[in-house]
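The values are calculated or read from the model by the stated rules, or taken from the named source; none is laboratory data. Since the structure is predicted, the reported quantities are computational estimates derived from the model, not experimental observations. Counting neighbours? That spans all protein chains shown, and the Cβs are built from the backbone with ideal geometry, glycine included. Heavy atoms of the whole protein, side chains included, go into the accessibility calculation; ligands, DNA and RNA do not. Shrake-Rupley method; radii C 1.70, N 1.55, O 1.52, S 1.80 Å.
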Amino acid sequence: MRRSETTSTASQKGRLDRAVRDLNRTMKRALKDRRRLFFIGVFNIALTGLAAVVGYVVAGSQVFLTALGLGAIKDGSLWAGISKQVQSYLKDKAFLAVELARIRAVCTFFEEGDTEMYEQARLTILAFYEDLKMGHEPADE
Amino acid sequence: MPLVYQGWTLYARVVKLEKGPTVTIYFFAKRKPKTGDPIDLPPGLKVAVNKRTGLPFLRRESPSDVSADTRSTFLAGEGQVKRDLDEEE
């Protein structure tokens, strides 16, 4: 099917909004599992601390130390297992937050009827994908 | 000195998003935009040209170090975004 070259500005705005929505959705999907691991790791440490404090209040320092010692072993082994995933989650999240913010900003600045700016916004999104592909290939040229 | 590529001048504009960080966006324009300053090519970026429209845009010089999982998830959704933008594949 041949693409129509003449598109209304309203639909151009709609297209950019749809694309940004899809990019945000993809970001959530890409990070979802690793995000869960990150929060499991953080909550485990928080709950270990809470257990130690409650143990101290209820039964004294020996229970506090025991809870801390066992918690350190438990959380240490847990973090040994998930640390690589959590690191890649944090790195990817930081990268995507900036890249998608830039795309959102370009799309925000698109004004009705500004075909030049629409093309620039569209190319910014397409360039984001081209840059991702570059990491997949040994040579991009 | 500002970058001019086949009649297109590169501009930068600092944007504070309502929900998000302050970012710098780059764009090419033939006429002077309402806001934005003409700039030289930022480090780590290069000029590329869209085959279909012939318009210049900026690309990274080297690949980002985003993980393979994230990369493949995004590339799997590329078709949908291109359809959103009505870009011929």
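Some observations on this one:
- Hey, B:Gly79 open to solvent by less than 40 Å² (accessible area, probe 1.4 Å), more than 8 Å from chain A (Cβ to nearest Cβ) and under 17 Å from the mean Cα position of the chain (by Cα) or not: no
- The one condition in (1) within 12 Å of another protein chain (Cβ to nearest Cβ); (2) open to solvent by less than 60 Å² (accessible area, probe 1.4 Å); (3) at pLDDT below 95; (4) part of a helix (DSSP H, G or I) that A:Thr7 fails to fulfil: (4)
- Of the candidates A:Gly76, A:Gly41, A:Gly113, A:Gly60, the single residue that is open to solvent by less than 60 Å² (accessible area, probe 1.4 Å), away from chain B (no Cβ under 11 Å) and in contact with a Leu (Cβ under 7 Å, 6 or more places away or on another chain) is A:Gly41.
- Evaluated against (1) assigned to a helix (DSSP H, G or I); (2) open to solvent by less than 20 Å² (accessible area, probe 1.4 Å), A:Ala94 falls short on exactly one condition, (2).
- Each residue in segment B:27-70 was checked for being open to solvent by 50 Å² or more (accessible area, probe 1.4 Å) and under 26 Å from A:Ala30 (Cα atoms), and 7 pass.
- Counting only strands (runs of 3 or more DSSP E) wholly contained in chain B, the ones carrying 1 or more residues that are farther than 16 Å from A:Asp131 by Cβ occupy B:8-16, B:22-29.
- Just one of the listed residues (B:Thr73, B:Thr9, B:Thr22) is more than 28 Å from A:Arg29 (Cα to Cα) and either modelled with pLDDT under 90 or surrounded by 13 or more Cβ atoms within 10 Å (Cβ to Cβ) (or both), namely B:Thr9.
- Flag if A:Gly113 is among the small types (Gly, Ala, Ser), on the phi > 0 side of the Ramachandran plot and more than 22 Å from the chain's Cα centre (by Cα): yes
- Top-ranked residue in segment B:18-67 [being among the hydroxyl-bearing types (Ser, Thr, Tyr) and closer than 30 Å to A:Val86 by Cβ; ranked as nearest to the other protein chains (Cβ to nearest Cβ)]: B:Ser67
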